[in-house]
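Step one of this worksheet: look at the structure below.
The values are calculated or read from the model by the stated rules, or taken from the named source; none is laboratory data. What you see is a predicted model; the values in this text were computed from it and never measured. Cβ: placed from backbone, ideal geometry, glycine included. Neighbour counts: every protein chain shown.
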Amino acid sequence: MPDAPADPAAWGSCRFCGVAVPPGAAHCEICGADGPLPAGTLTAAPKAVRRRVQWAAGLRSLIVAGVVIGLAVTLVQAVIAGPPNVPDPLTTAGVHEIPAGGTWVLSGNVTGGDYVTGNFTTIDPAGLSLGLDVYNSSQYFSLGSSKPTTPLFSISPAPTGRIVFTADYTDRFYFVFWNPYTPSSGLNVTAYITTEYESNVGDEGFG
């Protein structure tokens, strides 16, 4: 009994790479090969064509399987590794030069109840002083507008200082290290400054 005629609206396949080809197409849109096989005619195609199409289909299946396995491995590794450990911007250590009459500002978000600790030491010229004021976001912008402000934490100018700042509420806080010497003095101060953001989660207290 002869095969039923192929549906003219059914997609065929490329005789070279085996991908689906829309009905009525004169060539494959992927590889450009002419004479696509109409739907349902692959079994009647020459043996070499059938083998090539079957090989191409198998290769595509292998590639898809490889991609799926690769994604699965990546996801498993991500779950095992957990979230990336990104240093908090308020955990720092470095040497900074603060010009006479100028400032160096460190800022970052602090959750209410958490704290920032650290210290500073002037190293060049040794023995010169440095001050520190800590402001919340609204105070800091008022400071930039030359409006009167009251810092939440301060260290008077000194060669060394110990930082222990606790945030009573969540906000962005600004640690403003300032050189107390007038610009005309030319006394630029180089200091080694360290800070560390610490969470109070799981702590019984901080003393």
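Table for the structure above
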| quantity | calculated |
| --- | --- |
| Output for the range 84-129, where each listed residue is aromatic (Phe, Trp, Tyr) and under 18 Å from residue 178 (Cβ atoms) | 104, 120 |
| Qualifying positions in the range 78-113 - at pLDDT below 75 and not hydrophobic (A, V, I, L, M, F, W, C) | 82, 83, 84, 85, 87 |
| Count of residues meeting criterion [in a helix (DSSP H, G or I) and out of contact with any strand residue (DSSP E or B) (no Cβ under 7 Å at 6 or more places or on another chain)] in the range 29-77 | 32 |
| Residues of the range 111-154 classified as part of a loop (DSSP other than H, G, I, E, B) and touching a strand residue (DSSP E or B) at 6+ places or on another chain (Cβ under 6 Å), total | 4 |
| Condition met for residue 71 (touching a residue at least 12 places away in the same chain (Cβ under 8 Å), over 22 Å from residue 190 (Cα atoms) and of a type in the set (A, V, I, L, M)) | no |
| Qualifying position, being on the phi < 0 side of the Ramachandran plot, touching a Pro at 6+ places or on another chain (Cβ under 8 Å) and exposed (fewer than 11 other Cβ atoms within 10 Å of the Cβ), among 126, 93, 65, 100 | 126 |
